[in-house]
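A.B. asks: Once you've had a glance at the structure underneath, I'll fire off some questions.
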Amino acid sequence: MNRGFESIIDRLAREFWRAAHTREEQHAQSQARSLPEVRALEQAQRAWEDAPAGDAAASERLHLAWRQAEAAAQGARAKLEVARLERLLADGLARDLRIPPADLRARNTPPVLDTRHLPKILPKPEWETFAPEKPGRLALAMPGASGRYEQALAKARSEFVHAEREYEASKIRRTQGSMILQIAQQKATEAARAESARHNAAVADFEGALLRGEAAAVTGYARIVLSRSPYPAAFEQTLAAHYVENHKLLAIGYDVPTLDAAVPTALEYHYNAAQAAVQAVPAGDAMRAQVYANALRQIVLRSLHELFAADPLRHVNAIVFNAYASDGSARVCLASVHVSRADFAALVLSEGDAATHLAALGARVSSRPGALEAVAPVAGVDMTQVVTDADVAVDRRFNLMTLSDKDFTQVMFHLLRSHGFEGPPLLPGEQEGMLTCRAWDPHPIFGGDVVVHIFRVMDRAARLELSAARAVLAQMQQIGAARGMLITTGEFDDGVEEFARDRRIELLSGHHLVFLLKENAGVDASVVVPETTDTAAVML
């Protein structure tokens, strides 16, 4: 059985959840903004801000009205949250559960070249803005005036030359940064094209496996169905799915938020003028517990409805659904039901209440779910296989360790040029796995020949040893270089930094390269060694 699609489907499910979560929050915010109390708050705030500055009494009265409106708006928002929990099932029944096949496929859209974060070119300096004002004949007649003017003129010329140098350097940084960005863009486009092809091939395998009723495909589709279902912000959509082919049984473990996370602690607020603070009026514990218990029942029924109604899940004849909440150290089962497709189809969910429907199905529901009082599940569900965003995260940064030797050499060359270095291109050095060049730093004071050695270390545990720094120093002494640079995509061994400190050798490790690529090219980069790499170093 081909199970290569599982990671793709898990990633799709998480992407669907994030999209549904975002849409639901935007919808909730839109509903909140339309509340009369919230509109009244905005009007009261504007009225207070526009109050005449000289009328203290009016300002105080309008300020009080604003704070009272603020308290009313907070209460209205809290009641809206409760109303959303009370209609979870109704909202679920009204949703279109069809999943267009196109939604499962990747769209090959190349990333857009973003030059906004490239280094800016400084304004070209004009001598007129630096030149000191020439004194008149009367001023020049004063003792020492001519000398002071010459000093100011010399200083202005020095500052102008420095500004010109900085202007030229900014153009170089921009040009070389653009070169690096173009390489990164090309690699991102190639990676996106390859990833899109892999994704769509995996989806095709998934669709075939789903038609055959393979367990991995059925559980994957169940994840997608539930992940597309929008819930309030407190829900993190953590679930596990298992399919028993010979029984055509789908087992779902589903995490729900706790009482305090899901239900507001207060529904009424008032403004205490004496303390100048909006204060909450705690909601009754019994009321909050009832809202939470009803929401739990609705979640179970809504999830069963979504799973049974999904056409591709016709292979499922029965579902075990367990709802869990965490007490901080372990999951507690708050509801559990084993129901057949026929029994569930007999229910009229749009009529009656959730408690009656679950009782008809023989569901086990905690009598005190708000207190995390557990029930014995009808069947256990392995929750160690839940999928989170971290499990399916894809690192799309520009990874120096996956570049070809040619591309890596070009990136390093442009990075050196962005620092103003001149000289021949980088070439393989005498030591294995090394790039080297004799660069030239044109700086009039600190410049001169620079020995550059670069290592791309492909062993996760390897660290550049002291011998590499000694080799840089030996070449510096041989040609009389002003300084040296030792660069590695990894880290330096103990003692290298101390050795280089007083010998004019600059050290750049992997995290420095990541910073410089961001600084000089606006590129989010990484130096992550691929899992399949076995060699200690790559001859670049």
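So that you can scan it fast, the table gives a plain yes or no per residue for (1) in contact with a strand residue (DSSP E or B) (Cβ under 8 Å, 6 or more places away or on another chain); (2) part of a loop (DSSP other than H, G, I, E, B):
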position: Q298; (1), (2): no, no
position: R302; (1), (2): no, no
position: S336; (1), (2): yes, no
position: V339; (1), (2): yes, no
position: S350; (1), (2): no, yes
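A.B. asks: Before we move on, is V203 assigned to a helix (DSSP H, G or I), of a type outside the set (F, W, Y) and either assigned by TED's automatic domain parsing to the domain that holds A261 or under 30 Å from Q298 (Cα atoms) (or both)? Reasoning before the result, please.
C.D. replies: Numbers: assigned to a helix (DSSP H, G or I): yes; of a type outside the set (F, W, Y): yes; either assigned by TED's automatic domain parsing to the domain that holds A261 or under 30 Å from Q298 (Cα atoms) (or both): no.
No, not satisfied.
Yes/no matrix, rows are residues, columns are (1) surrounded by fewer than 17 Cβ atoms within 10 Å (Cβ to Cβ); (2) charged (D, E, K, R); (3) farther than 13 Å from R228 by Cβ:
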position: S7; (1), (2), (3): yes, no, yes
position: W17; (1), (2), (3): no, no, no
position: T22; (1), (2), (3): yes, no, no
position: A28; (1), (2), (3): no, no, yes
position: E37; (1), (2), (3): no, yes, yes
position: Q43; (1), (2), (3): yes, no, yes
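A.B. asks: Determine the pairs where a residue that is on the phi > 0 side of the Ramachandran plot, located within the stretch 456-478, has a partner that is exposed (fewer than 13 other Cβ atoms within 10 Å of the Cβ) with Cβ atoms under 6 Å apart, the partner being 6 or more residues away or on another chain.
C.D. replies: none
A.B. asks: Sort through E306, E268, E236 and tell me the only one that's in the same structural domain as L347 (by TED's automatic domain parsing), touching a residue at least 60 places away in the same chain (Cβ under 8 Å) and under 22 Å from L89 (Cα atoms).
C.D. replies: On the way: E268 fails: under 22 Å from L89 (Cα atoms); E236 fails: touching a residue at least 60 places away in the same chain (Cβ under 8 Å).
Exactly one residue qualifies, and that residue is E306.
A.B. asks: Any chance you could count how many residues in the stretch 110-124 are in contact (Cβ under 8 Å) with a residue 60 or more places away in the chain and either surrounded by fewer than 12 Cβ atoms within 10 Å (Cβ to Cβ) or in contact with a Gly (Cβ under 9 Å, 6 or more places away or on another chain) (or both)?
C.D. replies: The initial filter retains those residues of the stretch 110-124 that are in contact (Cβ under 8 Å) with a residue 60 or more places away in the chain, namely 110-111, 113-119.
Then keep just the ones that are either surrounded by fewer than 12 Cβ atoms within 10 Å (Cβ to Cβ) or in contact with a Gly (Cβ under 9 Å, 6 or more places away or on another chain) (or both); that gives 114-119.
Residues that pass the stated criteria total 6.
A.B. asks: A follow-up question, please. Scan the stretch 43-64 and tell me whether some residue there is of a type outside the set (D, E, K, R), within 31 Å of the chain's Cα centre (by Cα) and either modelled with pLDDT of 95 or more or in the same structural domain as A266 (by TED's automatic domain parsing) (or both). Write out each step before concluding.
C.D. replies: Filtering the stretch 43-64 down to residues of a type outside the set (D, E, K, R) leaves 43-45, 47-48, 51-54, 56-59, 62-64.
Then keep just the ones that are within 31 Å of the chain's Cα centre (by Cα); that gives none.
Within the stretch 43-64 (the criterion being of a type outside the set (D, E, K, R), within 31 Å of the chain's Cα centre (by Cα) and either modelled with pLDDT of 95 or more or in the same structural domain as A266 (by TED's automatic domain parsing) (or both)), the answer is no, since none of the residues qualifies.
A.B. asks: Let me ask something else. Identify, by number, the condition in (1) of a type in the set (A, V, I, L, M); (2) out of contact with any His (no Cβ under 6 Å at 6 or more places or on another chain); (3) surrounded by 15 or more Cβ atoms within 10 Å (Cβ to Cβ) that A251 doesn't meet.
C.D. replies: (2)
A.B. asks: Out of D10, D91, which single residue is of a type in the set (D, E, K, R), over 28 Å from the mean Cα position of the chain (by Cα), in a helix (DSSP H, G or I) and within 30 Å of F235 (Cβ to Cβ)? Step through it out loud before you land on a result.
C.D. replies: Working: D10 fails: over 28 Å from the mean Cα position of the chain (by Cα).
Just one listed residue meets the conditions, D91.
A.B. asks: Within 36 Å of the chain's Cα centre (by Cα) and assigned to a helix (DSSP H, G or I), is that true of Q290?
C.D. replies: Values: within 36 Å of the chain's Cα centre (by Cα): no; assigned to a helix (DSSP H, G or I): yes.
No.
A.B. asks: Next up: Given the criterion more than 15 Å from S303 (Cα to Cα) and surrounded by 16 or more Cβ atoms within 10 Å (Cβ to Cβ), identify the matching residue among A234, A209.
C.D. replies: Of the residues listed, the single one that is more than 15 Å from S303 (Cα to Cα) and surrounded by 16 or more Cβ atoms within 10 Å (Cβ to Cβ) is A209.
A.B. asks: I need the full set of residues from the stretch 128-180 which are of a type in the set (K, R) and surrounded by 13 or more Cβ atoms within 10 Å (Cβ to Cβ), in order please.
C.D. replies: Step one: of the stretch 128-180, the residues of a type in the set (K, R) are 134, 137, 148, 155, 157, 165, 171, 173-174.
R148, R157, R165, K171, R173, R174, listed by residue number.
A.B. asks: So which of A71, A106, A51, A78 is in contact (Cβ under 8 Å) with a residue 60 or more places away in the chain and part of a loop (DSSP other than H, G, I, E, B)?
C.D. replies: On the way: A71 fails: part of a loop (DSSP other than H, G, I, E, B); A51 fails: in contact (Cβ under 8 Å) with a residue 60 or more places away in the chain; A78 fails: part of a loop (DSSP other than H, G, I, E, B).
Result: A106 is the single residue among A71, A106, A51, A78 that is in contact (Cβ under 8 Å) with a residue 60 or more places away in the chain and part of a loop (DSSP other than H, G, I, E, B).
The values are calculated or read from the model by the stated rules, or taken from the named source; none is laboratory data. These figures come from a predicted structure and were not determined experimentally. With ideal geometry, Cβ positions are generated from the backbone for all residues, glycine too; neighbour counts draw on all protein chains shown.
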